[in-house]
1. Is it true that R501 is of a type outside the set (A, V, I, L, M), free of Cβ contacts under 8 Å to residues at least 24 places away in the same chain and surrounded by 15 or more Cβ atoms within 10 Å (Cβ to Cβ)?
2. Which members of segment 119-146 meet the condition of being small (G, A, S) and at pLDDT 95 or above?
3. Of all residues being surrounded by fewer than 24 Cβ atoms within 10 Å (Cβ to Cβ) and of a type in the set (D, E, K, R) in segment 468-496, which is farthest from I390 (Cα to Cα)? Just the residue, please.
4. Just need a number here: residues in segment 457-484 that are polar (S, T, N, Q) and in a helix (DSSP H, G or I).
5. Take residues that are of a type in the set (S, T, N, Q) and more than 18 Å from P236 (Cα to Cα) and tell me which of the helices (runs of 4 or more DSSP H) falling wholly in segment 280-389 contain 1 or more.
6. Looking for something hydrophobic (A, V, I, L, M, F, W, C), more than 25 Å from the chain's Cα centre (by Cα), under 22 Å from H285 (Cα atoms) and at pLDDT 95 or above - is there at least one such residue anywhere in segment 406-421?
7. Out of segment 94-142, which residues are over 18 Å from A67 (Cα atoms) and of a type in the set (A, V, I, L, M, F, W, C)?
8. Can you name every residue in segment 208-232 that is closer than 18 Å to V302 by Cβ and over 23 Å from the mean Cα position of the chain (by Cα)?
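The values are calculated or read from the model by the stated rules, or taken from the named source; none is laboratory data. Owing to the predicted nature of the structure, the values given are computational and were not obtained by experimental measurement. Ideal geometry is used to build each Cβ from the backbone, glycine not excepted, and the neighbour counts take in all protein chains shown.
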Amino acid sequence: MNGGKIIADVLKMHGVETLYTLCGGHIAPIYVEAEKSGIRVVDVRDEASAVFAADASGRLSGIPGVAVVTAGPGVTNAVTALKNAQMAQSPLLLLGGATATLLRGRGALQDIDQMALIKPHVKWAVRVGRLRDVAGVITRALHTALSGVPGPVFVEIPVDLLYDEATVREWYGKKGKGGDSIADKLMTWYIERHLGKLFGGVASVDALKHPAPTIPIAGGGGFNAAAVALKKAQKPVLLIGSGAMLLPRSASALSDAVGKLGIPAYLSGMARGLLGHTHSLLHLHERKKALREADLILLAGVPCDFRLDYGSHLNRHAVKIAVNRSRRELHKNIKPQQAIQADPGAFLIRLAETATDLPEWPEWKAHLHTLQEGREQEIARQGGALVKGINPVTLFMVLEKMLPANSVLIADGGDFAATAAYTLRPRKPLGWLDPGVFGTLGVGGGFALGAALHNPGDYVWIIYGDGSAAYSLMEFDTFAKNGMKVCAIIGNNGSWEQIARDQITMLGSAVATTMPRSDYHRIAEAFAGAGERVDMLESFAWAIQRAIASMDKGVPYIINADIGSTDFRKGSISM
């Protein structure tokens with residue numbers, strides 16, 4: 001028995017189907033034993049991509065995504081992606097390799113204080129010191145990742161716990177001098193004593209002793225009070241965010257519940273796509289105006305952070321009902337009349353069952369639709385503006401008409417990706433992935449990998465800025481060798497546009513914001529994928545068709561679109 005097999009067995013027991021890794025000597029037994037146990041092992045080109053893929057897997061499945069990285073640089077390369085998962089409330093288990101227990105602090109290869117680096121960015125971080133503890137620690141880690149407010153956990157596994165005892169004894173035996181001196185005998189005794197602690201008592205392991213994950217559930221009083229407030233409201237607004245999508249298997253029930261409640265809804269983050277793309281309650285535009293006119297605002301998994309201008313977008317006189325798993329986010333920049341600590345998705349499902357005879361608010365809905373139609377007409381006019389290259393607004397208007405129903409959209413970028421959010425409507429629940437509140441660039445490759453493996457029949461579209469694309473385009477190697485249906489659409493304008501627009505206006509310089517308009521599509525070709533460069537709207541439409549045909553053959557595709565610079569999002573940068 002070795003630690004690698006124990007880990008694989010526990011992961012399998014908890015429904016983990018895929019493990020993401022970048023190989024390393026400190027962790028090899030984990031992914032080798034995982035493959036033997038029937039867990040699919042997917043190797044990537046960067047540790048960050050492994051963690052981003054595990055993040056997406058956790059969000060889409062409700063089972064913690066699992067990534068395994070080697071010691072030292074492997075762990076440090078994963079930190080940004082780990083922090084992104086923490087802030088996005090994604091259930092995730094990161095297994096980090098480490099030097100042998102007997103060599104810690106003695107100058108071994110890649111031996112650093114990983115715990116000090118990782119602890120601030122996870123729900124729980126632990127270093128395993130005995131083989132008998134491995135199963136229990138992994139089990140507890142998986143439950144911790146899902147309980148309460150979901151998030152990442154980190155387990156550090158020293159390399160000598162991952163190999164068979166006989167192999168480890170041979171390693172340590174070579175370190176003793178084998179002589180008869182007192183020093184030699186003392187060293188031999190010390191090593192034997194250490195190995196006894198390391199491997200003793202494995203048979204007593206109980207991998208199932210930890211309780212199931214806990215999910216906060218609201219009491220009946222919360223539902224009743226919310227129902228009463230809704231019946232009194234004349235202009236209610238429902239904001240649904242990523243925090244309402246923490247039970248992905250209930251997404252269909254949540255969609256039905258929102259339809260039954262009949263409240264005009266604005267969706268953000270992982271909730272985008274919850275109502276499909278044609279639902280009468282769905283509103284994409286003029287959210288700020290709606291919130292300032294509303295007399296009741298129900299925040300379901302939406303904190304009042306910078307995305308709501310720290311609460312200033314909300315009508316100060318409106319009744320505010322906040323539902324969130326996080327007590328801290330319930331009260332962030334807001335004093336709601338009702339602060340309900342519960343799973344927002346489960347709350348809305350129960351509320352729809354409880355709240356009967358709600359008003360239909362026809363005048364209010366008509367007003368909001370008028371606001372939305374006006375904004376859509378304005379966007380169409382902006383899309384008609386002539387620029388040098390393809391107007392990005394028009395590009396996404398074309399893509400919106402051509403997206404297959406079974407599409408997943410991945411947003412990875414600044415200006416180009418944010419423009420997509422204004423114009424693209426995800427086709428289904430869990431059909432949109434973005435980094436979340438951390439605003440991390442580089443999620444594209446890993447998120448697409450996780451999405452493609454979770455739903456292999458879907459078309460996965462990465463919306464890349466030409467800046468953000470560079471972080472993970474190497475994962476086209478991963479997509480190609482696994483035959484994944486992934487297409488990257490790169491908005492190529494040779495600029496970090498979201499930064500450059502305001503920097504040039506305010507500071508009078510474009511320094512550090514320009515890039516060459518590179519042939520990014522050739523990267524796909526280098527990795528057995530396919531791609532093309534387009535500079536006209538008509539050729540972009542044809543490229544979408546060729547991309548779909550290529551993905552159907554298991555060949556990933558890159559559309560390198562020469563776009564122009566516009567003022568569509570002028571003044572929208574957030575800090």
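1. It is false that R501 is of a type outside the set (A, V, I, L, M), free of Cβ contacts under 8 Å to residues at least 24 places away in the same chain and surrounded by 15 or more Cβ atoms within 10 Å (Cβ to Cβ).
2. Scanning segment 119-146 gives A125, A141, A145.
3. My answer is K481.
4. 2
5. It comes to 362-383.
6. Looking for residues that are hydrophobic (A, V, I, L, M, F, W, C), more than 25 Å from the chain's Cα centre (by Cα), under 22 Å from H285 (Cα atoms) and at pLDDT 95 or above, one finds none in segment 406-421, hence no.
7. Of everything in segment 94-142, those that are over 18 Å from A67 (Cα atoms) and of a type in the set (A, V, I, L, M, F, W, C) turn out to be A100, L102, L103, A108, L109, I112, A116, L131.
8. A218, G222, A226, A229, L230
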